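Have a look at the structure below, then the notes.
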Amino acid sequence: MTLLKANGLTRRYRLPRTTLLGAAPVLTAVDDVSFEIAAGQTLGVVGESGSGKSTLARMVMAFEAPDLGNVLFEGQDIHALRAFELRGLRPDFQMIFQDPFSSLDPRRKVGWSIAEPLRAMGIAAPDQVADAFAQVGLHPDDGDKYPHEFSGGQRQRIAIARAIITRPKLLVADEAVSALDVSVQAQILNLLMDLQDALGLGILFISHDLAVVASICDTVLVMQHGKTLEYGTAADILNNPGHSYTRSLLIAAGDEV
Amino acid sequence: MFEMNDMTVRFAIGEALRGASLRVAPGDRIGIVGESGSGKSMLAACLMGMVPDAATLSGTLTIDGTDMTQASEAAWQAIRARRAAMIFQEPMTALNPLRRVGDTVAEPMRVHLGMRKAQARDRVATLFDEVGIPDPAARLRMFPHELSGGQRQRVLIALALACDPELLIADEPTTALDANVALKITDLLVHLSRSRNMALVFISHDLAAVARATTEIAVMYGGDIVERGPTADVLADPVHPYSQGLLAARPDLRAFPRDADGSRRRLPTIPGTVPPLHAMARGCRFSGRCPVERNACASVKPAPVGPRQATCHALSRGVA
């Protein structure tokens, strides 16, 4: 079942004027990109910085609107919704970020931080907080601690707890394991797979590391300069990369071919 | 030749480096691998005489036979000026944003080599060419913000090469870069080490980059060098339980990790997390997380055994 469908997404940014009277140059950050994510499936989005990965994530999260194309979440065009309708839908799609050090409020106990999405929905549910802690492998008492008392890997678990506490159907993970050490990265990847299998989450997984993508993704979208270079099943793209850029990423990830 | 013997760096809260030994000869390419808190940057700081004042040191460090253990700051400055150089992870913050990159790279030549302005500028252009910066004459007039991340890292490499060092320490040089740019920077460092017969100490947690860049490798955990040997051998057949766990945890591109029914395989993990320095075991620092641990491991520091000099009691018992 298709959970998320993006059709011909295009996003342009107007750059600062370079001459007094000339037209401002335009940067096309995302150029006619389409993809689908089914429930329980993971789409990996791969590309260098500036390739448009994060802009894509921001449009899927409805943080910004595309200039062309649309994003259908369970058939609804999320950018056509009115503000209150979108707010009602937000619990269904949540996001985790790269840096677990800056994505948590240092002055709030983590239990407060992970209950924030529930408060935004107008629910106070201490049980759900304890559940979320258990699901990500943290101790229920950890809610009374501050972010600085945790390691990077534990903080990423906290960020994941905050994302899944609304019981979302879609999780957008933007370089969620890039800042972690190898052994911690493995723990977090396993956690994401376990949660996905248990909750039937669709995941949009942004990464620059094809080895990581190989371990968790079902389908892969390779982007360069805002355009789709390749889109297909992970097995196809990793075993038969159709583009020299994808091959260079494979070599960077440790493939010597 | 830089030779470190049984070097220990002790802080009030614990030992950041415990009895590390390392020999670096001209043209060597040595990888230092380990996770955050493993002591790899402290090892580099020892080689550069940049250990914080709060630490007490024991052990010896000699450079071409001269004992540097008690050396004055002036003596270390002379080493850092001419013989050992270092590049860091962040090419965005390591350059002065208000100076043209050519002036930044020329500074050590003017200060340490007494070059005149025009002479230094010519040499900067030559260095830019050597590190693969196109159109050097134009680039040396640019400011850091006008250059991409990869170009900035090349500028920093040129800066490190300014006084023809015998040793280049690269501390996570590719971590902040895009994958294919990282690849080019790694290859450039290897090329420079070869063409200049310059020793390269390549510190990274990126095993793929270390595999590509180095011929020898030292794996660190909790301030100990737990295993060392030829890069290809250690990566293919690690003997220390920590090295084994670390290498297994790395997602493998070639063995596309799916079971026969298509379900995804979980990655092997090392249980727990790296304890903070003050909570590290007195004995083997990997105790508490180790799959082959026994009672004595936490209290007795293991001595290096075998050709890999692995510090593991199980290996000295002949078990693992």
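Could you line up A:Cys217, B:Cys284 from fewest to most neighbouring Cβ atoms inside 10 Å? Write out the running numbers ahead of the final one.
Working: A:Cys217 26, B:Cys284 29.
Going from least to most buried by this count: A:Cys217, B:Cys284.
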Under 17 Å from the Cα of B:Lys184 - aspartates and glutamates, other chains or at least 8 residues apart: A:Glu48, A:Asp209, A:Asp255, A:Glu256, B:Glu90, B:Asp129, B:Glu130, B:Asp171, B:Glu172, B:Asp206
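Sorting A:Lys145, B:Lys40, A:Lys53, A:Lys169 on the 10 Å Cβ count, fewest up front, what's the list? Walk me through the numbers on the way to the answer.
Values: A:Lys145 16, B:Lys40 27, A:Lys53 24, A:Lys169 20.
Final ranking by Cβ density, sparse to dense: A:Lys145, A:Lys169, A:Lys53, B:Lys40.
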Partner lysines for A:Lys109 [C-alpha distance under 20 Å; skip if fewer than 8 residues away on the same chain]: A:Lys145
Contact order relative to length of chain B, as percent, for alpha carbon pairs under 8 angstrom and 6 or more apart: 20 percent
Extreme residue, positive dipole direction of the protein assembly as shown, given options B:Ala176, A:Ala179, B:Ile79 (C-beta unit charges): B:Ile79
Length-normalised contact order of chain A in % [C-alpha pairs under 8 Å, at least 6 apart]: 26 percent
C-alpha long axis of helix A:182-199 to longest principal axis of chain A, angle in °: 80 degrees
Computed [θ] at 222 nm, deg cm²/dmol, chain A (DSSP H ≥ 4; -39,500 (n - 2.57); rounded to nearest 500): -10500 deg cm²/dmol
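When the Cα atoms of the stretch A:6-76 are enclosed in a convex hull and the volume is divided per residue, what value in Å³ results? Kindly include the intermediate steps, with their values, before the conclusion.
Values: hull volume 6.8 nm³, N = 71.
Given the Cα convex hull of the stretch A:6-76, per-residue volume reads 95 Å³.
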Over the stretch B:70-119: Rg over Rh, Cα atoms, Kirkwood Rh: 1.03
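Show that you can apply the helix-only estimate: for chain B, add -39,500 (n - 2.57) for every DSSP H stretch of four or more residues, divide by all residues, and state [θ] at 222 nm to the nearest 500.
Details: 11 runs with 106 residues, N = 320.
Calculated from helices alone, the mean residue ellipticity at 222 nm is -9500 deg cm²/dmol.
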In degrees, nearest ten, helix A:126-135 long axis to first principal axis of chain A (Cα): 60 degrees
Convex hull projection area averaged over all views, chain A, Cα basis, nm²: 15.7 nm²
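How big is the equivalent ellipsoid of chain B along its three axes, where each semi-axis is √(5λ) from the Cα gyration tensor, reported in whole Å from largest to smallest? Don't skip to the answer; put the middle values down first.
Details: eigenvalues 269, 124, 51 Å².
Semi-axes, largest first: 37, 25, 16 Å.
Where Rh denotes the Kirkwood radius from the mean inverse Cα pair distance, what is Rg over Rh for the protein assembly as shown?
Numbers: Rg = 25.5 Å, Rh = 25.9 Å.
When Rh is taken as the Kirkwood radius, the ratio is 0.99.
For the protein assembly as shown, give me the percentage of DSSP beta bridges that are antiparallel, rounded to the nearest 5 percent.
Looking only at bridges with both residues in the protein assembly as shown, the antiparallel portion is about 55 percent.
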Span-like helix ranges in chain B, DSSP H, alpha carbon extent 27 angstrom or more, Kyte mean at least -0.5: none
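After finding the eigenvalues of the alpha carbon gyration tensor for the stretch B:97-156, what semi-axes result from the square roots of 5 times each, listed largest first in whole Å?
On the way: eigenvalues 67, 30, 18 Å².
One finds semi-axes of 18, 12, 9 Å for the stretch B:97-156.
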Candidate lysines - alpha carbon under 18 Å from A:Lys53, same-chain residues fewer than 8 apart omitted: A:Lys5, A:Lys227
Ranking of A:Val26, B:Val300, B:Val305, B:Val9 by count of other Cβ atoms within 10 Å, fewest first: A:Val26, B:Val300, B:Val305, B:Val9
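Bear in mind these aren't lab numbers, they're just calculated from the coordinates by the rules spelled out. The structure displayed is predicted, hence computed values, not measured ones. Note that each Cβ is placed from the backbone with ideal geometry, even for glycine, and that neighbours are counted across all protein chains shown.
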